Amino acid sequence: MIAMACRCVERTQAIATGAAALARGDLKTLAEKAAFVGRTLAEDARSGALRQAAQQQLARIKPIVRR
């Protein structure tokens, strides 16, 4: 399996869209967005993209903490 970039940004957008759909009572859109979030989270976990994204975030934080 080829490692892909983490789809965290897309999931964040889907969660926001799903929350707005819930507020409107649009259960179809809510279900679609929830399925997308679950599916992509599982895909990223299997591919190692979540670990890679976390390591990149830690690498950006480390120089700040050392000062």
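The values are calculated or read from the model by the stated rules, or taken from the named source; none is laboratory data. Treat the numbers as computed from the prediction; the structure is a model and nothing was measured. Note that each Cβ is placed from the backbone with ideal geometry, even for glycine, and that neighbours are counted across all protein chains shown. Note: accessible area is taken over every heavy atom of the protein model, side chains too, but ligands, DNA and RNA are not part of it. Shrake-Rupley method; radii C 1.70, N 1.55, O 1.52, S 1.80 Å.
Only Cα pairs under 8 Å and 6+ residues apart enter the sum, and on that basis the relative contact order of the stretch 8-67 stands at 26 percent. When a 1.4 Å probe is rolled over the protein heavy atoms, the share of accessible surface on the chain that falls to carbon and sulfur comes to 61 percent. Highest mean first, the peptides 15-21, 57-63 sorted by other C-beta atoms within 10 Å per residue fall in the order 15-21, 57-63. Please work out which option in (i) -0.54, -0.72, -1.00; (ii) -0.35, -0.58, -1.21; (iii) -0.60, -0.78, -1.12 gives log10 I(q)/I(0) by the Debye sum over Cα atoms at q = 0.14, 0.18, 0.26 Å⁻¹ calculated from these coordinates, and answer with its label. Among (i) -0.54, -0.72, -1.00; (ii) -0.35, -0.58, -1.21; (iii) -0.60, -0.78, -1.12, the one calculated here is (i). Think of a 1.4 Å ball rolled over the protein heavy atoms: the chain then has 78 Å² of accessible area per residue.
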